[in-house]
């Protein structure tokens, strides 16, 4: 079989690309939706989602507590148009840092660069799509050229940026966002990466080689003899440091996957590896369709996390898992939070605090090591 | 609430740790199981699993084809005792490289170091476990000291090894395996990491910071001023290079998650980033409980992968997804394959071919770039 | 172990029954929710739910078509407070008949009789509940006396009604509803059974022995020598007759289970058993969390139904399955429909048309049989 | 659109019907499979399935206890060839009565009547199947004529049998089985309905109108003025009576659905309706892929059943749910049980005990009523 790149010339892709453009929906805090959630969502997963909304809006966002809140994102959220919700949460100071799959950040760039993803159907013939050069993410369709041109932008950015050594993903995404803001003014209205840079929200990726961004950095090393590389150690330590600095800690987990684990391992890193008795999360909200009985981490409950020291044993009432596709539950959740009395907080802008916080982590870890050595000696 | 590390002294953990030790079950190729699969597994997911067994044993392992086979592992397989299946497949040359979550490789070390994980129940009170210093992975239970002592071994290895710069996970795990073989002779009977080193099978992790191994490497950087770091670029390029070198390519995907994507992105990296028209996979087997309708990559079908050039459009009949917990389906699958006529192949020992293969990738990628520039110019 | 009925005296049940009362939420047609569904639900199951809303509101409810619409209900919808949505749809003429599990109709009676079900948690110790005489439906809690008193009402109704022979479930539920209306005036605001009687909407149960209503009818036969019994034949023929009479046919399926099959078998009954070439459904909407790959009928797709003649082969674009807990998706769906331009239709009041429609079915079936015999003879 | 019955002349169906015939696989008690389950199935759902095997083989089948065991069947088990497992369990006395969806018993008749169902694919175009007159049950394919000829047999049986009044499904299926045995000698090797009649195992259907058998009985009433009808009261009371008579009670639940509830409601019927303090089940085994968090009865846990008095509060350790497609797990489960020391028990042949057991139930229920009246009076 003669292989070729999808999208070779000579085919019409019009039939597949006739759906409405996907846009980043921006929640506005609808009172109707709040009433539905308070009064109509009474039991089963509707009840759980209602609890999640209350815990987030009434407890996690309580101004006096200044809880440090991480958002983790797995599943194709930006292709589905959920980036607008993330932008709104970041902008209003309702989440302090984000851990995402690389794919969500890569596909966010399409919006920043003004390419169009379209509503489609999951029931299409992928062999025809392949012939027509159309890429499919479940029911989201777009031309393969969107990939190629986004890649070209990334590779051009890599060359222009002059970055040439180990780097945290938070730093990498921050610089990428600044570049977008500079070259595409106003794109922060429809780009998570750009808005995060503007708002000072650190963006992490737990699997840095595992996305088109990672593929292009690998290209840059192989083909341009670059020394730029993602250093996962920095990501691990930065997330630990931010969690350590939180007076209270909580998370909103969309899906699960390696972003979930990357967030939740911060507390075990502190006690298990660094010997710092920080304690676990005070709040834990997850929206997922994965199930505990399949045994994977995505479906693991807040209760299981207690045994690992990831969640405080006393706070199980403030943990909740709502089993629902995030594309439905997350916009509802954001409408509720944004319409609440605590719908805006001062932004922590942690991107600019990373150095200080890692220094503090280092100090505490060294003190703990010294203390432990002394104990052993005596 | 006064926080403390789980496992503080003064508690009895005996009640939770009375279950049978989990051992690495080694499949032997039972004829009874083959007959059940051939004759009794006729429809629904039994039918799919039967198809998966046939495609693997009769087509992917066909000696004349010398298909390059990747195994990806997500979900807590080594805690559940499935490491013995992986050892057997590697040893018999039935898989050529492995991409795993870090957690599976970390927990494999417990077996290598002769610590004991035990059968338990998912219906226990995690607050009591926490009090008693017992860690739970769904229904697998073990003392928190197993974590602490495994971490101590890793940190000791990091110091002893003298590694002090960017490194691929394949290289890191290879050196770790050699260290285990040296210090714990015979442990390759009950350690995937050790056996992979002995058998020359490269082990990759797509999310290198996201496991206790990654946490300890991060510690090493922060506390010992080490320059050791995982370079995801090398992993991306090595996997690409191995896929490019395959005359045919196929995969066995357990679960999904970032290991699945890390494997499947190799072909898009080739055509989309490097401009090399390699074509997609010839075979695709997945055992998962995730569902296509939730839209995530774990549940994405082989058909969807066609639109991305990850799977060859002509081979959909040789792709299959069996929806089943891997702890049930994978041992059955291994028994079938091992008992087949193609139950042993010469090992490729790709760990020792990596440099050569990446050089070949570089050569082809540069040729493709030169050709493209020339086309643009003319 | 000495067994006893839950709720024996001597225990306090207060701790479990402190949650808010569950009330039947009545959707009002929120414009905000319509905008969220139109603009924010763009892909994945949000996209499917948006499609379901459009198909229902814009096509199925199109006044000119006068589509006959069946609603099927599985899963604990009335315990979760969803009865208000069903009342609103029936009252506005948006569904013409209902097929439900018996459990949903039984638990609806608690609301009619002014007993209180309460919001609770699924994470309670059922042994304590049992000791305290508290009944649990996932996270809905109420005293066991609610069962006993509802049973007492049913048995009293059975005696008072004087019914003493075979009866369709539609007739049984109609008479039950009339009794509720008479004895508990105003209860049709919080009872599906009462409102259906008032609105002339037939209520069917596909598994008539399989609920507390069926248990009490069985008691009535055994203990009172009654001859009252549900005759499933009448239900089968009535549903067939209503489907046959529809100029267009469509369904809204919540969950799946035997109500789904009972609705969908109407068309096969017509062509396969009665020899009447009616054709399949024109519209098919399902909200479920069951999956096609598990192979059961609940998860079977509209496409599979085509091969059985249950769905017209030409209408697949007007079929949709949204994978979501009905407690979340169904209120959203109802808000959308009620707020649409077609949010009210004249009620068909089919309860009063059953005799005429079954007569018409009999006439057509006999004509078909006569014609077939003639064909065989010639 | 001109509608027509699937299978109109003029099309070739050969392409879809080229798969292997599905046969009833008969488990034989493989020692290899027992070893795999004991030693290799250690955790997660493999661990649960291993527990289910032990509880069934070692406890429920313990000869001294003479536990009364019900098997409930939902999902397309006979189309998938699982009828051979059911035959083997019934014949060896390992299950005492069966509650099944009507569909499983209807499709079992195809095997009895020597029609052929074939292995196929779920990925076919149902519009083409419809054109070609091929019926699809997920991946099982067969000509529509199989339905028509099976229906013709049923209608002929209904006329021949002379049955003309209310009847329990157990009686109906028993007579149907005897008819099959008489007209198709030897068919009990490949028919559950025939074998059940031979072995005296009562077969119940919880939703009697909801299958092609029910459709044909409805036809018989409408077209032949028959008075034959299923009386669900008798089914409810017979199942209650068998459960009441059990010294110990246990169940094996495949899937869930209305058969599950129909079995489990027996104990609540006894205490809640009849006032007989029997207590709940001693053993509870379920193989399902449905999930507790979706809130339906299929996914409800043994724990939830405790609050209803369906399961004894003291026996939770002897209850287990294994999450797996029954087409994989059930044959494994049967191999294990059949190969165990308790792999054969004397058959109870309850079909012949029904009258006596219902009389005993009546006696106890009347005694309970009399006692209660006396208590109220005094």
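No lab work stands behind these numbers, since they all come straight from the coordinates. In this text, all values refer to a predicted model and were calculated from it rather than measured experimentally. Don't worry about glycine lacking a Cβ; one is built from the backbone with ideal geometry, like all the others, and counts go over all protein chains shown.
Our Cα-only numbers for segment B:8-132 put the radius of gyration and Dmax at 18.8, 62 Å. Computed over the alpha carbons of segment A:178-218, Rg followed by Dmax gives 11.6, 30 Å. Taking the three principal axes of the alpha carbon atoms in segment A:104-253, the coordinate ranges are 51, 40, 29 Å, sorted in descending order.
Size check on segment C:283-378: the Cα extents along the three principal axes, sorted descending, read 56, 38, 22 Å. Need one number: % antiparallel among DSSP beta bridges in chain B, to the nearest 5. Once the DSSP bridges in chain B are tallied, antiparallel ones form about 20 percent. Legend: P(r) of segment A:46-89 from all alpha carbon pair distances, 10 Å bins from 0, whole percents, reading 23, 42, 33, 3.
Would you mind estimating how fast chain D diffuses translationally, via Stokes-Einstein at 4 °C and 1.567 mPa s with the Kirkwood radius over Cα pairs, in µm²/s? The calculation lands on 60 µm²/s. Compared with the dominant principal axis of the Cα atoms in chain C, helix C:212-224 is inclined by about 80°.
A point 7 Å from Cα along Cα→Cβ stands in for residue B:362, and the other copies hold the same point at 3.3, 8.9, 9.2 nm, listed in rising order. Seen from every direction in turn and averaged, the convex hull around the alpha carbons of segment D:94-191 projects onto 7.9 nm². Residue exposure proxy: B:357, C:147, ordered by other Cβ atoms within 10 angstrom of their Cβ from fewest to most, comes out as B:357, C:147. Remark: spin-label model distance residue C:371-residue D:149 equals 2.6 nm, labels positioned 7 Å along the Cα→Cβ axis. For a label point 7 angstrom out from the Cα of residue A:128 toward its Cβ, which stretches of segment B:295-328 have the backbone nitrogen within less than 20 Å? Counting backbone N atoms under 20 Å from the label point, the list is B:301-317. Largest first and in whole Å, the equivalent-ellipsoid semi-axes of segment C:63-111 read 23, 11, 7, each the square root of five times a Cα gyration tensor eigenvalue. Counting only DSSP H runs of at least 4 residues, each contributing -39500 (n - 2.57), and dividing by the residue count of chain D, the helix-based mean residue ellipticity at 222 nm comes to -13000 deg cm²/dmol.
Take the Cα of residue A:66, step 7 Å toward its Cβ, do the same at residue B:31, and the gap between the two points is 7.4 nm. In nanometres and ascending order, the distances from the residue D:175 label point to those of the other copies are 2.6, 8.2, 8.5 (point 7 Å from Cα along Cα→Cβ). The angle between the Cα long axis of helix B:169-183 and the main principal axis of chain B comes to about 50°, on a 0 to 90 degree scale. Chain A holds its axis-closest Cβ, relative to the rotation onto B, at the residue and whole-Å distance A:207, 2. For the peptide D:113-124, the mean number of other protein chain Cβ atoms found within 10 angstrom of a residue's Cβ is 3.
Here segment C:18-160 carries DSSP beta bridges of which approximately 65% are antiparallel, counting only pairs with both residues inside. For residue B:373, the distances from its label point to the matching points in the remaining copies are 5.3, 8.9, 10.3 nm, ordered from shortest, with each point set 7 Å beyond Cα toward Cβ. By the count of neighbouring beta-carbon atoms within 10 Å, fewest first, C:82, C:89 end up ordered C:89, C:82. Each semi-axis of the equivalent ellipsoid for segment D:268-321 is √(5λ) with λ an eigenvalue of the Cα gyration tensor; in descending order they amount to 21, 13, 8 Å. Ordered by the count of other Cβ atoms within 10 Å of each Cβ, fewest first, D:220, C:184, A:173, A:352 give A:352, C:184, D:220, A:173.
Nearest 10 degrees, 0 to 90: what angle lies between the long axis of helix B:144-161 and the longest principal axis of chain B (Cα atoms)? The two axes meet at around 60 degrees. Note that segment A:129-174 carries a Kirkwood radius of 12.8 Å, evaluated over its alpha carbons pair by pair. Entry note: the protein assembly as shown has Rg to Rh equal to 0.96, where both radii use alpha-carbon atoms and Rh is the Kirkwood radius. When the scattering of segment D:193-323 is computed by the Debye formula from its Cα atoms alone, each counted once and equally, what is log10 I(q)/I(0) at q = 0.11 Å⁻¹? Taking Cα atoms of segment D:193-323 as identical point scatterers yields -0.46.
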